[in-house]
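Right, one structure below, let's go through it.
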Amino acid sequence: MITRDKLAALDSVDPLAGFRDRFELREGTLHFGGNSLGPPPVATAARLAEVIHEQWGKDLNRSWLIHDWVQMPARIGDKIGQLVGAAPGQVLVTDSLSINLHRLLAAAIAMRPDRRVILTDSGNFPGDVYMAQNLSRSLGGRHEVRRVEETAVEASIDESVAVVMLTDVNFRTGRRHDMAAITAKAHSAGALALWDVAHSAGAIPVALDAASADFAVGCGYKYLCGGPGAPAFLYIAHRHQAAARSPLSGWMGHASPAAFELDYQPADGLRRHLCSTPAILGLAALEVGVDLLVEAGIARVGAKSAVQCDAFAALIEQECPGTFTFVSPGDPGQRGGKVCISHPEGDAISQELLARGVVHDLRPPDVLRFSIAALCLRYVDLWDAVQHLKAIITNRAVTRGSRPEAAHA
Ligand SMILES: Cc1ncc(COP(=O)(O)O)c(C=O)c1O
């Protein structure tokens, strides 16, 4: 039996407990929304003020060199690399996730010119599928975006596949793919693997190098707490950097941007995937969130998230037995940092939870998604959130039962 006291005891020995105060969290709010938008780190406002007043304001254009703005996409990329299991020199921060997906998918397809299939699953984030479909159209419609069931991906990889394009943790269900096994299968069939790590980066450990991933993309506004619309990142394994060409040949990715030559010559390595002038304010804000996660250590964050996911799922069953259907897997090895439940009245329950300050989100038609961002959540928050859930369910049952027509139902 889980009690609030037992959870409070876990908080009292939690080595990550102090990080919660380094985020701006409103009193009375329980934050289970990190997979939509992470909360602002307290230090972000001061960091932005410093960049605006001490760098941009004082040194204007010279700041690109004096304050090393030029290096920010790669510098912050290397820090994100520590969170996603990538050795230095393979992660670059730029643009948005969807733009980076377009960029890397195009590069990967060009590296497999004789193949015509982009393999994905029916649980993938729709925006990723739209990007692939449109890329296929713009390449003359010769590529098929093939969708298979989530559990059928490995078995569906054959020698027609150019790229296996998947999201590591399903945005709706929290189910996690076996990145290493699927990537190995892709490689054995001669295909490349492109992973969207939007729902895992910063929440749980990701091991891009260890899984031999070829390409990956992720965003900055969820668990990395870079703020709304924060720049995203891309990963290209060292072994592909010489071959991977960007379809977006902007001046910042030129071998000598300051030479202003009229013919495009890609820069070596990752830098050729920069297209435009980097968004320095966005990068500065993102670095604050990333620094917090690096300081906490992603292994510790992931370990706490796993314990909290288990406790939260067990508490829902303990306090509201049989009320919800678990959409996220029960097996911790298959679950990626969130607990997702469904209920026929999910929409109404979600509205009531929000009114009570339990920040989470609803994914159609009726899935309540609770993201477990270990730096922002206390163990007792799990208890308090479930008590709100229980009160809502109980009140709804009472209201329904008091309606005269319900007595005859
Ligand atoms: C799994 C996943 N992939 C891609 C995206 C799209 O990212 P962006 O809006 O940065 O292009 C999202 C957005 O929430 C997402 O959850």
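The values are calculated or read from the model by the stated rules, or taken from the named source; none is laboratory data. As the structure is a prediction and not an experimental result, all values here were calculated from the model. We place every Cβ from the backbone using ideal geometry, glycine too, and count neighbours over all the protein chains shown. Just so you know, the surface numbers come from the protein's heavy atoms only, side chains and all, with ligands and any DNA or RNA stripped out. Shrake-Rupley method; radii C 1.70, N 1.55, O 1.52, S 1.80 Å.
Site pair A87 and H187 shows an inter-label distance of 1.3 nm when each label is modelled 7 Å from Cα along Cα→Cβ. Normalised by 2.2 N^0.38 Å, with N the number of residues, the alpha-carbon radius of gyration of the range 306-409 equals 1.11. Remark: the chain carries a charge dipole of roughly 320 debye about the Cα centre, counting +1 on each Lys and Arg Cβ and -1 on each Asp and Glu Cβ.
Of all the accessible heavy-atom surface of the chain, with the other protein chains kept in place and a 1.4 Å probe, what percent is carbon and sulfur?
Of all accessible area on the chain, carbon and sulfur atoms account for 57 percent.
With 10 Å bins beginning at zero, the pair-distance distribution over Cα atoms of the range 177-265 amounts to 15, 36, 31, 16, 2 %.
A helix-only calculation puts the chain at -11500 deg cm²/dmol for mean residue ellipticity at 222 nm, using -39500 (n - 2.57) for each DSSP H run of at least four residues, averaged over all residues.
Picking from R300, R20, R239, which is most flexible by a Gaussian network model of the chain using Cα springs under 10 Å? Among R300, R20, R239, the largest GNM mean-square fluctuation belongs to R239. For the range 290-309 versus the range 321-390, the spacing of their alpha-carbon centroids is 20 Å. Quick check on the range 92-196: take the gyration tensor over C-alpha atoms, sort the square-rooted eigenvalues as a ≥ b ≥ c, and tell me if it's rounded (a/c under 1.5), prolate or oblate. Because its axes are fairly even, with a/c under 1.5, the range 92-196 counts as rounded.
For the options A259, A311, A237, a Gaussian network treatment of the chain with springs between C-alpha atoms closer than 10 Å singles out A259 as fluctuating the most.
In terms of its C-alpha gyration tensor, the range 237-355 comes out prolate, because a/c is 1.5 or above and the ratio a/b outweighs b/c. All alpha carbon pair distances within the chain were sorted into 20 Å bins beginning at 0; the resulting P(r) in whole percents reads 26, 53, 19, 2, 0. Estimated at 0.36 nm per residue, the fully extended path between E27 and R146 surpasses their Cα-Cα distance by 38.2 nm.
The solvent-accessible area of H187, taken with every protein chain present and a 1.4 Å probe, is close to 70 Å². Averaging 1/r over each pair of different alpha-carbon atoms in the range 38-146 and inverting the result gives 17.1 Å, the Kirkwood hydrodynamic radius. Magnitude of the charge dipole for the range 180-290, about its Cα centre and with charges confined to Cβ atoms of Lys, Arg (+1) and Asp, Glu (-1), is about 200 debye.
Across the range 304-309, rounded Karplus estimates of 3J(HN,Hα) from the backbone phi angles (6.51 cos²θ - 1.76 cosθ + 1.60, θ = phi - 60°) give 5, 4, 5, 5, 5, 4 Hz, Gly and Pro being marked x.
With the convex hull drawn over the C-alpha atoms of the range 288-361, the volume per residue is 112 Å³. Computed over the range 1-45, the alpha-carbon pair-distance distribution with 5 angstrom bins reads 5, 16, 20, 24, 21, 9, 3, 1, 0, each value a whole percent. One chain, two ends: L60 and E154. Fully extended at 0.36 nm per residue, the span grows by 28.6 nm beyond their Cα-Cα distance. The label-point distance for A348 and T3, in a model that sets each label 7 Å from Cα toward Cβ, rounds to 3.5 nm. A 1.4 Å probe over all protein chains sorts T183, T394 by accessible area into T394, T183, starting with the largest.
Only protein heavy atoms count here; under a 1.4 Å probe, W56 has an accessible surface of about 130 Å². With θ taken as phi - 60° and the Karplus curve 6.51 cos²θ - 1.76 cosθ + 1.60 applied, the whole-hertz 3J(HN,Hα) list for the range 197-202 is 10, 4, 9, 10, 4, x Hz, x standing for glycine and proline.
The alpha-carbon atoms of the range 1-89 define a convex hull whose volume equals 167 cubic angstrom per residue. Over the chain, accessible surface divided per residue gives 42 Å², non-protein components excluded, 1.4 Å probe.
When nucleic acids and ligands are ignored and a 1.4 Å probe is applied, F260 ends up with an accessible area of around 150 Å². Measuring between their Cα centroids, the range 50-101 and the range 148-176 lie 31 Å from each other.
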